[in-house]
Amino acid sequence: MKKAYARAGVDVDLGNKLKQRIQSLVRQTHGPQVLGKIGGFGGLFRADFGAMRDPVLVASIDGVGTKLKIAFAINKHDTVGADLVNHCVNDIAVVGARPLFFLDYIGCEKLHPAVFDQLLRGFSRACRAAGCALIGGETAQMPGVYRKGEYDLAGCIVGVVDRKKMIDGSTIKRGDVVLGLPSNGLHTNGYSLARQILFEKMKLNPRKVGAELLRVHKNYQPLLAKVPAGMIKGLAHITGGGLIDNVPRVLPKNSDAVIETKSWRVPHIFKILQQNGRVSPAEMYQVFNMGIGMVAIVSERDAKRAMSILRAKRIGRIERGNGKTRLIF
């Protein structure tokens, strides 16, 4: 006979078994800085900042949004775990930080071992690639809160940057060059609109477009780390809000970023969404990344070298203004 709590929808024993099974995946992300055993009340990380004179901790937290609905529809869950890690890594990379450790949260209607295993494999794979330790997490079974077979994800990351090497946009000036690093599809934003267009208006089967929609959000931090210190003046991770809302977050109040939208090839998926959803060009650049996942601002003299290191395209320039993005179609 099941225990009373399990009959109510929360299987504590199953949760404990699953956590034991994932220990090898979690340990693969650990270096000598991680202390203590897996499963404690708090993750332990012994910070070693090496030659940094003035280390600054940088933290961020985020989710994957309704991209999860695609994972549910085609029963593939390892990519959204990697999405979450990479999104968080990029968010702290814009100030020049490298990741130290990551913690995850999984809230679900019911624990499904195969799904849980895929999610943790995604977390582990992305953390290893990012040089980031997965030191803890929380799994909450909440029947009545989540729909049957569904879950939600959140992730928290902590990184570090030497204060003298922080990238804050303060030196951006007129004449600087705006570079765009290519995205890998929708990344983790705009899925509520994309699902409405593709599945409600176009009546597509999620399995036919699932591979495109579940492309893993790129991690740009390894490329950014190759750029010599001081060369990049400002960085913007192009997530929710697109180029219109994210680039201004790093601009001085007296500067505008003028973006030439024809300077790169917009991936076909965005053209399909715009045409079939009858979405205005301006809104497309506010909802979706439109093929640019990260923006870097550099001086004219450094543009050619930065483009080579970052594999980026020149997509615009800095002009006098009031801290906005101006799109030229």
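The values are calculated or read from the model by the stated rules, or taken from the named source; none is laboratory data. The structure presented is a predicted model; accordingly, all values stated were derived computationally and were not measured. Positions of Cβ are backbone-derived with ideal geometry, glycine not excepted, and every protein chain shown enters the neighbour counts. Ligands, DNA and RNA are excluded from the accessible area calculation, which covers all protein heavy atoms including side chains. Shrake-Rupley method; radii C 1.70, N 1.55, O 1.52, S 1.80 Å.
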For strands (runs of 3 or more DSSP E) lying entirely in the range 264-329, having 3 or more residues that are in contact (Cβ under 8 Å) with a residue 12 or more places away in the chain and among the hydrophobic types (A, V, I, L, M, F, W, C) picks out 292-298
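The rows are residues; the columns are (1) over 21 Å from Glu212 (Cα atoms); (2) surrounded by fewer than 23 Cβ atoms within 10 Å (Cβ to Cβ); (3) in contact with a strand residue (DSSP E or B) (Cβ under 6 Å, 6 or more places away or on another chain); (4) at pLDDT 95 or above.
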| position | (1), (2), (3), (4) |
| --- | --- |
| Val247 | yes, no, yes, yes |
| Val258 | yes, yes, yes, yes |
| Trp264 | no, yes, yes, yes |
| Lys271 | no, yes, no, yes |
| Gly277 | no, yes, no, yes |
| Ala282 | yes, yes, no, yes |
| Gln286 | no, yes, no, yes |
| Ala303 | yes, yes, yes, yes |
Taking the range 178-193 and keeping only residues that are surrounded by fewer than 20 Cβ atoms within 10 Å (Cβ to Cβ) and closer than 12 Å to Gly242 by Cβ, one is left with Leu193
Reported set for the range 1-53 where residues are among the charged types (D, E, K, R) and either touching a Leu at 6+ places or on another chain (Cβ under 6 Å) or surrounded by 15 or more Cβ atoms within 10 Å (Cβ to Cβ) (or both) is Asp11, Lys19, Arg46
Worksheet item: Would you say Ile61 is under 30 Å from Met231 (Cβ atoms) and assigned to a strand (DSSP E or B)?
Response: yes
Residue count, the range 92-106, condition crowded, with 21+ Cβ neighbours inside 10 Å and either part of a helix (DSSP H, G or I) or touching an Asp or Glu at 6+ places or on another chain (Cβ under 6 Å) (or both), comes to 2
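Which of the following residues is open to solvent by 10 Å² or more (accessible area, probe 1.4 Å), hydrophobic (A, V, I, L, M, F, W, C) and touching a strand residue (DSSP E or B) at 6+ places or on another chain (Cβ under 8 Å): Ile309, Ile232? Explain how you work it out, then say what you get.
On the way: Ile309 fails: touching a strand residue (DSSP E or B) at 6+ places or on another chain (Cβ under 8 Å).
Answer to the selection: Ile232.
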With the first residue restricted to the range 208-227 and required to be open to solvent by less than 50 Å² (accessible area, probe 1.4 Å), and the second required to be among the small types (Gly, Ala, Ser) and in a helix (DSSP H, G or I), Cβ contacts under 6 Å at 6 or more apart or on different chains are Val216/Ala82; Asn219/Ala130; Gln221/Ala93; Leu224/Ala93
So, first residue open to solvent by less than 30 Å² (accessible area, probe 1.4 Å) in the range 54-76, second residue part of a strand (DSSP E or B) and small (Gly, Ala, Ser), Cβ within less than 6 Å, six or more apart or across chains; the pairs are Val58/Gly159; Gly63/Ala154
